[in-house]
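Q: Quick one: this structure, given as structure tokens, is what I'll be asking you about.
Every number in this text was worked out from the coordinates using simple rules, so none of it is lab data. Being a predicted model, the structure only gives us computed values, none of them experimental. Cβ atoms come from the backbone with ideal geometry, glycine included; neighbour counts cover every protein chain shown.
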Amino acid sequence: MDTSSEYLLTIGANYGPAVVLNGEIWRLFTAMFLHGGLEHIAMNMLSLWFVGRVVEVWFDKISYLSIYLISGLMGGLISIYMHPVTVGIGASGAIFGIFGAMAGIVIVHRKRMEAQFKAFIRDFGIILLLNLVIGVVFESVDLSAHIAGLIMGIIGGAMVGKSPKNIILFIVISTLIMSFIYSYLPSLYVTNYEMLY
């Protein structure tokens, strides 16, 4: 399988200059569905299988899909903010959003869960620590996308955990935040290019 940067760009990978300077915002979406080989997609599918099944029970389809997509989009956006000229692919930001959604709803209902809450937080902490280590060890792993997706997931999960109707508010607020970040990026990219050339 061809995973060169040039090929990935032709099929929709995330790339800052294309997204910001050429207005190819769609790349933030398409990059979530691209993977760099069988190992990459297998790890993401395994993560979704373990966590996604639980979250599917706790959230309705609209909330699940919205948190997944918004976490992935925010992950891609923060990725091109942190790594302006890196070609990025993968659903890790979105998947971390699902992890975060699970944490968010558990935090909201922690008093009802008691002992289960403590066990969940311990296991969740171990998973986060392992992923942090993996992100530090392997340069190809984009921690910024993971963290952004996780934060969006926690917020979305907590909001929906309080009331499923909050998903509309979550979508609106997230869209405004992403629009604000995107509107700032052109000046950042122009400054970076002036420094490079």
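Q: Based on DSSP loop calls and a cut-off of at most 12 other Cβ atoms within 10 Å, the longest stretch of the chain free of exposed GluC sites (Glu not before Pro) is what?
A: Numbers: sites that count: Glu114, Glu139.
In short, 1-113.
Q: For the chain, what does the helix formula give at 222 nm: sum of -39500 (n - 2.57) over DSSP H segments with n ≥ 4, over the residue count, nearest 500 deg cm²/dmol? Intermediate results must be reported in sequence, preceding the final value.
A: Details: 10 runs with 144 residues, N = 197.
Calculated mean residue ellipticity at 222 nm is -23500 deg cm²/dmol.
Q: Please sort by residue number the chymotrypsin sites (Phe, Trp or Tyr not before Pro) in the stretch 69-172 whose DSSP state is loop and whose Cβ has at most 13 other Cβ atoms within 10 Å.
A: Here the chymotrypsin sites (Phe, Trp or Tyr not before Pro) that fit, given the DSSP loop and packing criteria, are Phe138.
Q: If the viscosity is 1.306 mPa s and the temperature 10 °C, what Stokes-Einstein diffusion coefficient in µm²/s follows for the stretch 23-71 when Rh is the Kirkwood radius over Cα pairs? Write down the numbers at each step before the final one.
A: Numbers: Rh = 12.3 Å.
In µm²/s, the coefficient rounds to 129.
Q: Leu34's amide H: which non-local residues (gap 5+, or another chain) put their own amide H closer than 5 Å, with H modeled 1.01 Å from N in plane and none for Pro or chain starts?
A: Gly90
Q: Would you list, by chain and number, the lysines whose Cα falls below 16 Å from the Cα of Lys111, excluding same-chain residues fewer than 8 positions away?
A: Lys162
Q: Next question. Treating each Cα of the stretch 5-184 as an identical point scatterer and ignoring solvent, apply the Debye formula and state log10 I(q)/I(0) at q = 0.15 Å⁻¹.
A: -0.84
Q: Now for a separate question. Which of the helices in the chain, when you take each full DSSP H run, stretch at least 20 Å along the axis at their Cα atoms and have an average Kyte-Doolittle score of -0.5 or higher? Spell out each step's value before the answer.
A: Working: long enough: 61-82 (31 Å, 1.33); 92-108 (24 Å, 2.17); 115-137 (33 Å, 1.66); 143-162 (29 Å, 1.46); 166-196 (44 Å, 1.35).
Qualifying helices: 61-82, 92-108, 115-137, 143-162, 166-196.
Q: For the stretch 16-121, what does the equivalent ellipsoid look like in terms of its semi-axes, each the square root of 5 times an eigenvalue of the Cα gyration tensor, given largest first in whole Å? Numbers along the way, then the final one.
A: Numbers: eigenvalues 175, 44, 29 Å².
Calculated on Cα positions only, the semi-axes equal 30, 15, 12 Å.
Q: Can you return the lysines within cross-link range of Lys165? Criterion is Cα-Cα under 16 Å, with same-chain partners fewer than 8 residues away left out.
A: Within reach: Lys61.
Q: What size of dipole, in debye to the nearest 20, comes out for the chain about its Cα centre when the only charges are +1 on Lys and Arg C-beta atoms and -1 on Asp and Glu C-beta atoms?
A: Working: 10 positive and 11 negative charges, 210 e Å.
Computed about the Cα centre, the dipole is about 1000 debye.
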